[in-house]
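Chemist: Handing you a structure now.
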Amino acid sequence: MNFIQALILAIIEGLTEFLPVSSTGHMIIGSSIMGIASDPFVKLFTICIQLGAILSVVVLYFKRFFKSINFYIKLVIAFIPAAVFGVLLSDKIDQMLESPLTVGISLVIGGVILLFVDKWFNHPTINEEAEINYLTALKIGFFQCLAMIPGVSRSGASIVGGMSQKLSRKVAAEFSFFLAVPTMFAATGKKLLDFYKEGHAISHEQIQILAFGNVVAFIIALLAIKSFIGYLNKNGFKLFGWYRIVVGLAIIALILSGHQLSII
């Protein structure tokens, strides 16, 4: 993996992490097209640079993270399902991460859901993060677990989960952003530990590539978050739904026509 490839994947991550289109799915396809997806370091890179994007949330919503202990309790409660299922299903998740076909199918199914989600959940009663109770936070955490399937989208699953619990689109999106912080810290730590347990070592150049990727993802994500919130408030999810369907069908068509997108 070189710096140009790292730049491309980091831009993809920064643009897609907070959109309901699956950043992991896009990076799997991007790295597959570049022919580097089977490299263990690339798999590590695609997880670790998500942390850089997520840190943009801490910068943009800095005051929220020092508002109250209750805020952190809700994040911990919402994080628990992903922590449990992430450990229990670790091997299965790694297998699915090697399947562009899984990404394509998940993109299509998720896209269809996004076409209708604004109509299904159009009477929100929770318009502030402080109104979210512990049980609601836990339910949103279970929705986030769906994103362990590549192509589902962590932000999409948790936002839809929040809206199903009567959160407004804005509050659901912001809580999804907040929940990403402990989730991606844990995912990055686990991936690094697994990488070393498998007998791999990170070279000095790879450390530079990881740092570079995180910085790029952080900067791009800073620009993407507020644009997404503004667009979401005005227009809802339909555009993202159609985008997912088109991209998902294109991936499936390429695979079925014999193009080598598989990275197994």
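Chemist: Given L60, L44, L51, L75, which one is aliphatic (A, V, I, L, M), surrounded by 18 or more Cβ atoms within 10 Å (Cβ to Cβ), farther than 30 Å from A250 by Cβ and touching a residue at least 24 places away in the same chain (Cβ under 8 Å)? Steps first, answer last, please.
Modeler: Details: L60 fails: surrounded by 18 or more Cβ atoms within 10 Å (Cβ to Cβ); L44 fails: farther than 30 Å from A250 by Cβ; L51 fails: farther than 30 Å from A250 by Cβ.
The conditions single out L75.
Chemist: At least 2 residues that are touching a helix residue (DSSP H, G or I) at 6+ places or on another chain (Cβ under 7 Å), over 19 Å from P150 (Cβ atoms) and not hydrophobic (A, V, I, L, M, F, W, C) in each: list the helices (runs of 4 or more DSSP H) lying fully within region 29-135 that qualify.
Modeler: Once the helices (runs of 4 or more DSSP H) in region 29-135 are filtered for at least 2 residues that are touching a helix residue (DSSP H, G or I) at 6+ places or on another chain (Cβ under 7 Å), over 19 Å from P150 (Cβ atoms) and not hydrophobic (A, V, I, L, M, F, W, C), what remains is 40-60.
Chemist: Let me ask you something else. Look through A221, A187, A201 and report the one residue that is more than 11 Å from L44 (Cα to Cα) and assigned to a helix (DSSP H, G or I).
Modeler: On the way: A187 fails: more than 11 Å from L44 (Cα to Cα); A201 fails: assigned to a helix (DSSP H, G or I).
Exactly one residue qualifies, and that residue is A221.
Condition check ((1) more than 14 Å from the chain's Cα centre (by Cα); (2) over 21 Å from F240 (Cβ atoms); (3) modelled with pLDDT under 85) across all residues:
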residue: I8; (1), (2), (3): yes, yes, no
residue: L19; (1), (2), (3): no, no, yes
residue: S22; (1), (2), (3): no, no, yes
residue: H26; (1), (2), (3): no, no, yes
residue: S38; (1), (2), (3): yes, yes, yes
residue: F41; (1), (2), (3): yes, yes, no
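Chemist: When you check V160 against the structure, is it within 18 Å of V59 (Cα to Cα), at pLDDT 85 or above and part of a helix (DSSP H, G or I), yes or no? Before the answer, list the steps.
Modeler: On the way: within 18 Å of V59 (Cα to Cα): no; at pLDDT 85 or above: yes; part of a helix (DSSP H, G or I): yes.
It is false that V160 is within 18 Å of V59 (Cα to Cα), at pLDDT 85 or above and part of a helix (DSSP H, G or I).
Chemist: Could you please let me know if I207 is surrounded by 15 or more Cβ atoms within 10 Å (Cβ to Cβ) and either of a type in the set (S, T, N, Q) or on the phi < 0 side of the Ramachandran plot (or both)?
Modeler: On the way: surrounded by 15 or more Cβ atoms within 10 Å (Cβ to Cβ): no; either of a type in the set (S, T, N, Q) or on the phi < 0 side of the Ramachandran plot (or both): yes.
No.
The values are calculated or read from the model by the stated rules, or taken from the named source; none is laboratory data. Everything numeric here is computed off the predicted structure, so don't read it as measured data. Every residue, glycine among them, receives a Cβ derived from its backbone with ideal geometry; neighbour counts consider all protein chains shown.
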